[in-house]
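Some notes on the structure that comes next.
Read-outs throughout are calculated quantities, based only on the coordinates presented, and are distinct from any laboratory measurement. Predicted model, so just to flag it, every value in this text is computed and none were measured. Glycine also receives a Cβ, built like all others from the backbone with ideal geometry; neighbour counts cover every protein chain displayed.
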Amino acid sequence: MQVEFVTSTPDLRGRPEPVLPEFAFLGRSNCGKSSLINMFLDRRDLARTSGKPGKTRLLNYFVVDGRFYLVDLPGYGFAKVSKVQRAAWRRLFREYLAAQDRPVAVFHLLDVRHRPTADDREVADWIREAGHPCAIAATKIDKIGGPRQGGRYREIVEVLGADPQTPFIPTSAAKGMGRQEMLAWVEALLEANPET
Ligand SMILES: Nc1nc2c(ncn2[C@@H]2O[C@H](COP(=O)(O)OP(=O)(O)OP(=O)(O)O)[C@@H](O)[C@H]2O)c(=O)[nH]1
Ligand SMILES: [Mg+2]
């Protein structure tokens, strides 16, 4: 897998050319997003290394094998942000998800240990309204014993109101679990949309 950082942009006008399918990683702050992106890309520290002060409101674009973009969005739902920052991320997320001018698919990340919050539900609604293909990735599954996992997965699907057809991928960045399933979903979508 060949990965290059492309650009960081605070708004949709700064999205890179050429247009390629975009796989956006969305999740609550501390859900394990940077760790999962690094695991998915098979890089130790790529998601962090794009970081500069203020990165929290930027869309970070990586190009993978020249075929698709991985888009790292700011983590949402962090309790300590100001009203102004919260409004800014809502606007950025809404704009990004509502735009229909680029092919977008979403990995929605949820920490397996926590019941999805109102923020998680709202983001799930925006993804659905936009009609983007979406896979749910439960993160940090190594933190939960096997017998409890099924119940956690069902709760996530239920609370989000996800369609039962929605791909659900248990992952652990710590144990390297779920990467093949994520790649398979990406490949299936790329093959289904060869014109993009
Ligand atoms: N056990 C375990 N811990 C994990 C896993 N993924 C992430 N963590 C831990 O969870 C914490 C947050 O991980 P990050 O990857 O930084 O999460 P993030 O969503 O990018 O967080 P912010 O960017 O700060 O919002 C760190 O302490 C990680 O080591 C995992 O698969 N298993
Ligand atoms: Mg992070």
- Note on the structure: Out of (1) of a type in the set (Ser, Thr, Tyr); (2) touching a Lys or Arg at 6+ places or on another chain (Cβ under 8 Å); (3) under 23 Å from residue 183 (Cβ atoms), the one residue 69 does not meet is (2)
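Every residue, every condition in (1) within 15 Å of ligand 1 (Cβ to nearest atom); (2) in contact (Cβ under 8 Å) with a residue 24 or more places away in the chain; (3) under 21 Å from residue 75 (Cα atoms); (4) in contact with a helix residue (DSSP H, G or I) (Cβ under 7 Å, 6 or more places away or on another chain), yes or no:
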{"residue": "158", "(1), (2), (3), (4)": "no, no, no, no"}
{"residue": "162", "(1), (2), (3), (4)": "no, yes, yes, yes"}
{"residue": "169", "(1), (2), (3), (4)": "yes, yes, yes, yes"}
{"residue": "181", "(1), (2), (3), (4)": "yes, no, no, no"}
{"residue": "184", "(1), (2), (3), (4)": "no, no, no, no"}
- Query: Residues of region 26-44 being in contact with a Ser or Thr (Cβ under 9 Å, 6 or more places away or on another chain) and assigned to a strand (DSSP E or B), which ones?
  - Reply: 27, 28
- Task: State all residues of region 1-17 that are surrounded by 11 or more Cβ atoms within 10 Å (Cβ to Cβ) and either touching a residue at least 60 places away in the same chain (Cβ under 8 Å) or aromatic (Phe, Trp, Tyr) (or both); if no residue qualifies, say none.
- Result: 3, 5, 6, 10, 11, 12, 15
- Item | Filtered residue count, region 2-49, keeping only those that are away from ligand 2 (no atom under 11 Å from the Cβ) and among the basic types (Lys, Arg) | 4
- Query: Out of region 102-131, which residues are of a type outside the set (Val, Ile, Thr), over 18 Å from residue 153 (Cβ atoms) and either surrounded by 21 or more Cβ atoms within 10 Å (Cβ to Cβ) or in contact (Cβ under 8 Å) with a residue 60 or more places away in the chain (or both)?
  - Reply: 102, 103, 105, 119
- Taking region 140-188, which residues are touching a Lys or Arg at 6+ places or on another chain (Cβ under 8 Å), β-branched (Val, Ile, Thr) and not in a helix (DSSP H, G or I)? 144, 171
- Query: Do the conditions hold for residue 135, that is, is it within 16 Å of the chain's Cα centre (by Cα) and either closer than 25 Å to residue 42 by Cα or outside any loop (DSSP other than H, G, I, E, B) (or both)?
  - Reply: yes
- Message: Under 7 Å between Cβ atoms, which residue pairs at least 6 apart in sequence (or on different chains) link something in region 76-89 that is closer than 23 Å to residue 111 by Cα and touching a residue at least 24 places away in the same chain (Cβ under 8 Å) with a partner that is assigned to a loop (DSSP other than H, G, I, E, B) and within 12 Å of ligand 1 (Cβ to nearest atom)?
- Response: 76/29; 77/29; 78/29; 89/74
